[in-house]
Structure formats: C-alpha cells, structure tokens
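Undergrad: If you scroll down you'll find the structure; I have some questions about it.
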Amino acid sequence: MCKCNALIRRDLKSVVIATAILMTGCTQERHTKVETDGVQLHVEIGRLDRALFRAPPDSLQIASRAAYAQYGDFYRVYIEDILQGAPLGDPQLSLVLGRFVNDPDWRSTQQAVDSVLGDMEPERADLEEAFKRMKVLFPDSLTPKVVAFNSGFNFGIYPTDSVLGVGVEWFIGADHPMISILAPEAFPKYVKDRMRPDMLVPSAVKGWLLVHYTRDIRGADVLTNLVETGKVMALLNALLPDAEPASLFAFSKEHLEWCEANEYAIWKEIVSKDQLFSKKADDIGRLMNDGPFTNGLPRESPGHIGEWIGYRMVDAYMKENPNVSFAQLFALDDPRTILKNYKPR
C-alpha cells in the first residue's frame, strides 16, 4: 500500500481541479432556491472502511468476499487502483489487506475516522439533500452510490461512473497527529488545512460534478476552462446552499475575502496579458491548478483562482437570464455567451 500519493481523485477526465463556489453575491444570498419536498430519494453511505478494519484478523478473506458481493466492481477499483494493492483474484490479497488494516498508522487513522465522523449521519443527510436538488434540476441525473473507504491517504474523492467514493481519512481534522506527520512535500500546509470534516460533503459533490458535468475541453482556451468550471461551481452552489461559501471553493475565509476585494485586479491580470483566449497549458494551469497562491498575483491570493472567476462569470449570466435553467446553461457551448454579461467589480 502506498503511503505517499497525495493526489485527491476528483476527476477521471483529467480536468484541472483544485479538492473539493462563491462570490460576494453568494455570501449575501443564494439566488437559486430548489424545493425538494416531493422528491423521493434515499442516499446511504456504504462503510467499506469499517467492513475491513472491523473484521477479525482471521476472517479478512471472508470480509473481502463480502465486500466484493456488496460493492461489486468498485471493490476491485478500491483494491487495485485506490489502495494499489494486489489484484482482486490474487491468493495473497488477504495477506496484503492484513498488512494494511493492522498497520498502526492506518488503524490509528481509522480510529480517528470513527471518533470524528462516527456514523456519518450528518454527511449522509447533506448528500441526500444535495442529490434531491440535483433530481429537481436534472430529472434524469444518476444518483451515485456513496462508499466511504480508507485509502491510506492515496485518494480523497474518487468518482466512477456510478459510485462516489470518499476517502474518509482525508477529513479527520487538520490538527490530528496523523495529519501532522504526513510528508510536507506531498501534503503541503494548504492541503492539510482542508482536511476538515466540514470539507467532506462539498469536496464529494464537487468531485462528482467535475467528472459528470464537465464536457471534454482538452485543447480549449482559458475562457472555456473558466466558464466550464464556473458552471460546475454555480451548480454546486445550488446543491449546497447551506454550506460555508469558502468551503465550496476549498478556500479559507481569508482567501475568499481577498478575492471579493480584488475581483477587478484579478480580471485585469488575466486580460492584460492576453491570456483569455490562450490555449497554452501554462496559462490554463496558472489559473486552474491548485497551489498555495496563484502565480502572478499576490501571495494572499488562493490557488485555482480560475474557479472563482469562472463562477463570477456564470453567476452574472444567470442573474441576467433568470429564466435559463441549469440544463440550458450546461448546454451552452460558446463561452463568449457567458462572457458578455460579466462586469468585474
């Protein structure tokens, strides 16, 4: 099992993400109200983490078979891709699993999960309400099966076609001793600061949307990247209206306040360098990639600031066009339609 992979899998389509929405208007009021009283939908969280860590040491093989029966192909994904362990059919699998679940570090981490997150009922309820709103906005949308797992800090969010996997150890609290010993070169402080319980639901829903509600924009320009990500952020805002605004972006409150106070300067930095229509990977990555701050902007800025600018652009469009549904918004393929309504403050 790997103990050093710091990547949070939030997108299987190689879209650049930060894991894991708001602008000034959002902090004042959420403009989209979605009624869910008539939606019949129930979300459960499968506890794959507990199924393995609570299995008696001499029955891991039985527990593994039971997990495969319950979770199907996702269990194979968990064993082979997330844990990076033995192939599912390998006769040595139970030994490999035994080394993982009996490792003192991972047992301590799982104990923290049990202590901090417990039965995950608040998170379950929030996810259920979010996907009820999704059914209202996109009636044909697929509600994923949610599975909690312990990845040994390999992946925090892992969406597949039908499963939304959550590496629960990533959300035990930044002050937990296990977090403090994670290698800083793989887990810098800005990543560790997000490892809070309140980040679980926003990160999970955001990861699902980035995988399933962004079109393939490889080779597209900066503007397209801003707008497509901004659409996701607008939808995330509608699905989680009670979440802390900064958490939807994986920003600190100070980062969000800085963005709100410097919106015009951020936009000026983008357009003054003629980067809006650039297709260069460096130009796109500078705005969309994660990091402690955005290169070219003051160190008080957050990384992946393009998510916030993209949201501001889409939010302005939606306010100017209140009759446009989210389905219609996502069907728009010309980002210049969105750009027309944006006037940074």
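Undergrad: Of the numbered conditions (1) surrounded by 15 or more Cβ atoms within 10 Å (Cβ to Cβ); (2) farther than 30 Å from residue 326 by Cβ; (3) small (Gly, Ala, Ser), residue 118 satisfies every one except a single condition; which is it?
TA: (1)
Undergrad: Here's something else I'd like to know. Looking only at the range 130-141, how many residues end up being in a loop (DSSP other than H, G, I, E, B) and in contact with a helix residue (DSSP H, G or I) (Cβ under 7 Å, 6 or more places away or on another chain)?
TA: Residues meeting the conditions: 2.
Undergrad: Could I ask something else about it? Identify, by number, the condition in (1) over 18 Å from residue 60 (Cβ atoms); (2) not in a loop (DSSP other than H, G, I, E, B) that residue 98 doesn't meet.
TA: Every condition holds for residue 98 apart from (1).
Undergrad: Let me ask something additional. From 97, 127, which residue is under 28 Å from residue 176 (Cα atoms) and over 25 Å from the mean Cα position of the chain (by Cα)?
TA: 97
Undergrad: Here's a follow-up. Regarding residue 127, is this residue buried (at least 20 other Cβ atoms within 10 Å of the Cβ) and assigned to a helix (DSSP H, G or I)?
TA: Yes.
Undergrad: Of the residues 174, 186, which single one is within 19 Å of the chain's Cα centre (by Cα), under 15 Å from residue 113 (Cβ atoms), not assigned by TED's automatic domain parsing to the domain that holds residue 232 and not in a strand (DSSP E or B)?
TA: Result of the check over 174, 186: 174.
Undergrad: Specify which of the listed residues (228, 244) is within 17 Å of the chain's Cα centre (by Cα), surrounded by 20 or more Cβ atoms within 10 Å (Cβ to Cβ) and not assigned by TED's automatic domain parsing to the domain that holds residue 131.
TA: 228
Undergrad: Right, another one. When you scan the range 289-345, how many residues do you find that are among the acidic types (Asp, Glu) and within 17 Å of residue 252 (Cα to Cα)?
TA: Selection size over the range 289-345: 3.
Undergrad: Sort out for me the helices (runs of 4 or more DSSP H) sitting completely within the range 254-345 that have 2 or more residues that are under 16 Å from residue 225 (Cα atoms) and small (Gly, Ala, Ser).
TA: 281-288, 306-320
Undergrad: Collect the residues in the range 148-163 that are more than 13 Å from residue 82 (Cα to Cα) and aliphatic (A, V, I, L, M), keeping them in residue-number order.
TA: 163
Undergrad: Mind counting the residues in the range 150-171 that are in a loop (DSSP other than H, G, I, E, B) and either of a type in the set (A, V, I, L, M) or on the phi > 0 side of the Ramachandran plot (or both)?
TA: 2
Undergrad: So, in the range 43-67, of the ones that are touching a Leu at 6+ places or on another chain (Cβ under 7 Å) and not in a loop (DSSP other than H, G, I, E, B), which residue ends up surrounded by the fewest Cβ atoms within 10 Å (Cβ to Cβ)?
TA: Checking each candidate, the answer is 63.
Undergrad: What are the residues in the range 207-229 that are more than 20 Å from residue 136 (Cα to Cα) and assigned to a helix (DSSP H, G or I), if any?
TA: Those that are more than 20 Å from residue 136 (Cα to Cα) and assigned to a helix (DSSP H, G or I): 222, 223, 224, 225, 226, 227, 228, 229.
The values are calculated or read from the model by the stated rules, or taken from the named source; none is laboratory data. In this text the structure is predicted, and so the values were computed from the model without any measurement. Counting neighbours? That spans all protein chains shown, and the Cβs are built from the backbone with ideal geometry, glycine included.
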